[in-house]
Amino acid sequence: GERVPLIDATVPNGGPGGGVSAHNWPRDEDGFPHRRAARVILFDEEDRVLLVRGHDADNPERSWWFTVGGGIEDGESARQCASRELLEETGIHLEPELLIGPIAYRRAVFDFETVLARQDEEIFYARTHCKELSDTCWTEEEQRVIDEYRWWDIDDFEAQSRDCEFYPTRLVELLRICLAGWDGTTLVIE
């Protein structure tokens, strides 16, 4: 894949769950930090997918690849959130109605910054012609834990995915579904 240089020396968007510290998320009935989120699988005109690699601030040796996205704010739909997060994390503006899906729903349980957290995600996809990425809207936490963005050829990512951690774990399957032409079925995944 093509590595995209960062504008800043630092990088964005936290663990398997996203950017804002799980320490600050609302607690669910079981006492876990728990939030709703939206993610975007973004393709360019060459069918490459934009993925982000980040690490756990408490365990810098552990890193993983994931899609752009984050927590849904009060009064915001999942589609609006996905559009906003795409703009904040990449500088790419796509109107919410240009996002396709949700193609998947994911209920994730993960550890990040020594906290076990839950996140319910709606995953959309879209295409862009824009290749210029910007980190000017990254949060302080995103600046601490994001390592790189990369436009991946799907076959290259699939070959390398055997040796790296990525989320969702069915990402390659979702990428292929998007490129084959989504049939309108929202998959439920972990």
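Please give the per residue volume of the convex hull enclosing the alpha carbon atoms of the stretch 112-174, rounded to a whole number of Å³.
153 Å³
Going by Cα centres, the stretch 28-46 and the stretch 76-94 are how many Å apart?
Comparing the Cα centres of the stretch 28-46 and the stretch 76-94, I get a distance of 12 Å.
Each residue of the stretch 168-185 in order: what ³J(HN,Hα) in whole Hz does its phi give by Karplus 6.51 cos²θ - 1.76 cosθ + 1.60, θ = phi - 60°, with x for Gly and Pro?
Once θ is set to phi - 60°, the couplings for the stretch 168-185 become x, 5, 9, 4, 4, 4, 5, 4, 5, 4, 4, 6, 6, x, 4, 8, x, 7 Hz.
Put 36, 79, 162 in order of accessible area, largest first, 1.4 Å probe: what do you get?
Result, largest first: 162, 36, 79.
Hey, got the Cα dimensions of the stretch 39-151 along the principal axes, in Å, largest first?
Principal-axis extents of the stretch 39-151 (Cα, largest first): 36, 29, 23 Å.
The values are calculated or read from the model by the stated rules, or taken from the named source; none is laboratory data. Just so you know, these numbers come straight off a predicted model, no measurement behind them. The area values use the complete protein model at the heavy-atom level, side chains included, leaving out ligands, DNA and RNA. Shrake-Rupley method; radii C 1.70, N 1.55, O 1.52, S 1.80 Å.
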